[in-house]
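The values are calculated or read from the model by the stated rules, or taken from the named source; none is laboratory data. Note that the structure is predicted; figures quoted are calculated from it, not measured. Virtual Cβ from ideal backbone geometry, glycine too; neighbours counted across all protein chains shown.
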Ligand code: BGC
């Protein structure tokens, strides 16, 4: 045995003893054999090759090139270069022992050259005051026209890949896409109005609800196509993935309790209630009145196939303060619910803070969120489609610091343990996906936040396993797996 191998074995042995201490109280066999364990990514955040393979520009290609929009002035032009390195990256996943992989398909990579490609037609407006907005052909999500185009896009995917894809999600976090795109105007297409932000165009009281209505109906159309034409022969399942932050009242006051319930309704049920029950939550109708669209009988028909599962992306829990009865700042992206959210009560954080400003470590919040969805939607099958921990980047952090990600191991261990508790208490949760297999382009934060199980050197594209990768591997394959060099 060579020296290098011996050293590796010794290191692996100590790591193993150490990690065994952490993965305490439960192991893989506590979850059903059929349970999906995986990692998650999204196309823009990892692929790069932004002009290769006949791809057209996407809205994020445009936004990331607008000066001042991304914290470190970076973009996803290369990102993890996954477009070229995908075989190696899949090998990394194999070596962890995951049985599934969650990724996204970009419209602009699939539909290039086709008439329906609305994103190809976008361009950037620069106004005198440098405020910018991105213009889509026919107004993008604001125009019902998009429902047909989304259906076309979805059908191309079902037809081309449906023999291999067992779970389809029509959208990832439409609640975030809409709030950020049309309410506070920080994501494409940069639409908003005061007091939520300064944008060249938009109306934060109306547009988010019109755009969301079209997203919900687009979901309905895609599900209908899948169920009528593909599901029987391909045998897959179709659902939607929501960003699901848990909320707790800031003060023990009735108004804050009511506000918390209201904000919860303005978030996940905003999309899931119409899909599952056919209408928006009553809390939304009360506040928004006629700004909230009505589902016509034609709309309702589009929604009749509902869906098969709910995807839950959960990272954090925040406090909620009522702003309806006692005025307070409603300019953040939950302001339309007349709520103010914060991670602190009297200067004390709700859980250990992380490098992502709104993400705190509150495992109990996951239990609350899963139970909320379980009760509200009659225990529809659920997947925890994202859960992960952000490391911050400074001039002083070294690769070694990133790789020794004990705080991430602790986070994942606690959240996964909590997920198991919800399953034992009857929640029909069928999978768990860590965000992310590797560090990648974190939207407005660029490369200043790292969520990966593998560290990525963005100059050389080298991937190095972090402790958390070892932790996941040990959990999935048992302790012996760490003693085998890959
Ligand atoms: C999104 C990911 C993002 C992650 C961490 C999720 O809400 O789906 O794209 O990178 O959160 O912020």
Is one or more of the residues making up region 363-381 outside any loop (DSSP other than H, G, I, E, B) and within 13 Å of the ligand (Cβ to nearest atom)?
no
Output yes when any residue across region 436-458 is on the phi < 0 side of the Ramachandran plot, away from the ligand (no atom under 16 Å from the Cβ) and out of contact with any helix residue (DSSP H, G or I) (no Cβ under 8 Å at 6 or more places or on another chain), and no when none is.
no
Unmet requirement for residue 429, which otherwise passes all of (1) more than 15 Å from the ligand (Cβ to nearest atom); (2) in contact with a strand residue (DSSP E or B) (Cβ under 9 Å, 6 or more places away or on another chain); (3) more than 29 Å from residue 307 (Cβ to Cβ):
(3)
Identify all residues within region 211-236 that are assigned to a helix (DSSP H, G or I) and at positive phi; write none if there are none.
none
Given (1) in contact with a strand residue (DSSP E or B) (Cβ under 6 Å, 6 or more places away or on another chain); (2) within 16 Å of the ligand (Cβ to nearest atom), number of the condition residue 168 does not satisfy:
(2)
Being at pLDDT 85 or above, part of a loop (DSSP other than H, G, I, E, B) and in contact with a strand residue (DSSP E or B) (Cβ under 7 Å, 6 or more places away or on another chain), is that true of even one residue in region 11-32?
no
Within region 333-362, can you find the residues that are over 30 Å from residue 307 (Cα atoms), surrounded by 14 or more Cβ atoms within 10 Å (Cβ to Cβ) and more than 16 Å from the ligand (Cβ to nearest atom)?
338, 339, 340, 342, 345, 349, 350, 351
Mind telling me which of the residues 241, 210 ends up being touching a residue at least 60 places away in the same chain (Cβ under 8 Å) and under 22 Å from residue 373 (Cα atoms)?
241
Looking at (1) surrounded by fewer than 19 Cβ atoms within 10 Å (Cβ to Cβ); (2) out of contact with any helix residue (DSSP H, G or I) (no Cβ under 9 Å at 6 or more places or on another chain); (3) farther than 29 Å from residue 67 by Cα, can you tell me which one residue 433 breaks?
(1)
Name the residue that is farthest from residue 168 (Cα to Cα), counting only residues in region 397-411 that are in contact with a helix residue (DSSP H, G or I) (Cβ under 7 Å, 6 or more places away or on another chain) and within 16 Å of the ligand (Cβ to nearest atom).
405
Sole residue being away from the ligand (no atom under 16 Å from the Cβ), within 19 Å of the chain's Cα centre (by Cα) and closer than 30 Å to residue 101 by Cβ, chosen from 309, 266, 271
309
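Taking residue 386 as the residue in question, decide whether it is out of contact with any helix residue (DSSP H, G or I) (no Cβ under 8 Å at 6 or more places or on another chain) and under 18 Å from residue 312 (Cα atoms). Walk me through it before giving the result.
Values: out of contact with any helix residue (DSSP H, G or I) (no Cβ under 8 Å at 6 or more places or on another chain): yes; under 18 Å from residue 312 (Cα atoms): yes.
Spelling it out, residue 386 is indeed out of contact with any helix residue (DSSP H, G or I) (no Cβ under 8 Å at 6 or more places or on another chain) and under 18 Å from residue 312 (Cα atoms).
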Suppose the filter is modelled with pLDDT under 95, in contact with a strand residue (DSSP E or B) (Cβ under 8 Å, 6 or more places away or on another chain) and in a loop (DSSP other than H, G, I, E, B); does residue 66 pass it?
yes
Unmet requirement for residue 394, which otherwise passes all of (1) outside any loop (DSSP other than H, G, I, E, B); (2) surrounded by fewer than 21 Cβ atoms within 10 Å (Cβ to Cβ); (3) more than 16 Å from the ligand (Cβ to nearest atom)
(1)
